[in-house]
Amino acid sequence: MHISEGVLSPPILIGGAALAVVGVAIGLKKTKQEDIPKVALLSSAFFVASFIHVPIGPSSAHLILNGLNGLLLGWAAFPSMLVALFMQAVLFQFGGITVLGVNTFNMAFPAVMCRFLFSRMIFSGNNAVSVTGAFLCGALPVMLSGLLVAAELVFTEESFVQTARLIVVAHLPIMIVEGLIAVGAISFIKKVKPEILGLPPRAEQDG
């Protein structure tokens, strides 16, 4: 879902960079020193997940894990993804420096938004509600990121309309896979280390 260099118009590049700067600033402000290892770990997971990608015109399709990233980090997902995207751009020419702000916003904003939308469902004592919330938190950010990429391409050049549609359609199966990954990961974390999700330790829950 990286947008390549030289594709987007200057207003969209500037707007995306400005929004990313705001998100990163909020994320850094809210990140505590003890959270840094978790941020680094999820940044690495995001880096590896999106390393294997399939080119689609000026963009690409790949696993993202931004929903899981947003759920576990909140606003810190912005600096986490910024670092991963920067390393990918420098080391492997995925995306680029001029589109770094736009790509960061496209990945991080839907993740943070879905954390606030579905965290109450995930923390519910009802297992069915919790699983549904976890799936939505993993799947929906992928679709929202795809829609943002599609909208930016269309607003840049009308000839990208077909590519924009292809990007959205190509991410439908990825959305389902990421939803299932989120369900499995969150279920596992709840069992072994619930405090990562902001829940009381397992011993306290059992007590």
statement: Within the stretch 158-170, the count of residues that are touching a residue at least 60 places away in the same chain (Cβ under 8 Å) and out of contact with any Leu (no Cβ under 9 Å at 6 or more places or on another chain) comes to 2
task: Could you please find all residues in the stretch 95-142 being hydroxyl-bearing (Ser, Thr, Tyr) and more than 15 Å from residue 179 (Cα to Cα)?
output: 98, 104, 124
message: If residue 159 satisfies all but one of (1) among the small types (Gly, Ala, Ser); (2) farther than 30 Å from residue 9 by Cβ; (3) at pLDDT below 90; (4) assigned to a helix (DSSP H, G or I), what's the number of the condition it fails?
response: (2)
Any hit, the stretch 12-29, residues being among the aliphatic types (A, V, I, L, M), loosely packed, with under 15 Cβ neighbours inside 10 Å and modelled with pLDDT under 90: no
field: Residues located in the stretch 51-75, provided they are modelled with pLDDT of 85 or more and under 8 Å from the mean Cα position of the chain (by Cα)
entry: 66, 67, 68, 69, 70
statement: Residues in the stretch 76-100 that are surrounded by fewer than 21 Cβ atoms within 10 Å (Cβ to Cβ) and closer than 30 Å to residue 190 by Cβ total 1
- request: Pull up the stretch 122-147, narrow it to residues that are within 29 Å of residue 167 (Cα to Cα) and either β-branched (Val, Ile, Thr) or without any contact (Cβ under 8 Å) to a residue 24 or more places away in the chain (or both), then point me to the one that is surrounded by the most Cβ atoms within 10 Å (Cβ to Cβ).
  value: 142
- prompt: Only one of these conditions is not met by residue 150: (1) buried (at least 19 other Cβ atoms within 10 Å of the Cβ); (2) modelled with pLDDT of 85 or more. Which number is it?
  reply: (2)
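Every residue, every condition in (1) in a helix (DSSP H, G or I); (2) modelled with pLDDT of 90 or more; (3) out of contact with any strand residue (DSSP E or B) (no Cβ under 6 Å at 6 or more places or on another chain), yes or no:
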| position | (1), (2), (3) |
| --- | --- |
| 133 | yes, yes, yes |
| 142 | yes, no, yes |
| 170 | yes, no, no |
| 176 | yes, no, yes |
| 180 | yes, yes, yes |
| 186 | yes, no, yes |
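The values are calculated or read from the model by the stated rules, or taken from the named source; none is laboratory data. Worth saying up front: this structure is predicted, and the values here are computed from it rather than measured. Virtual Cβ from ideal backbone geometry, glycine too; neighbours counted across all protein chains shown.
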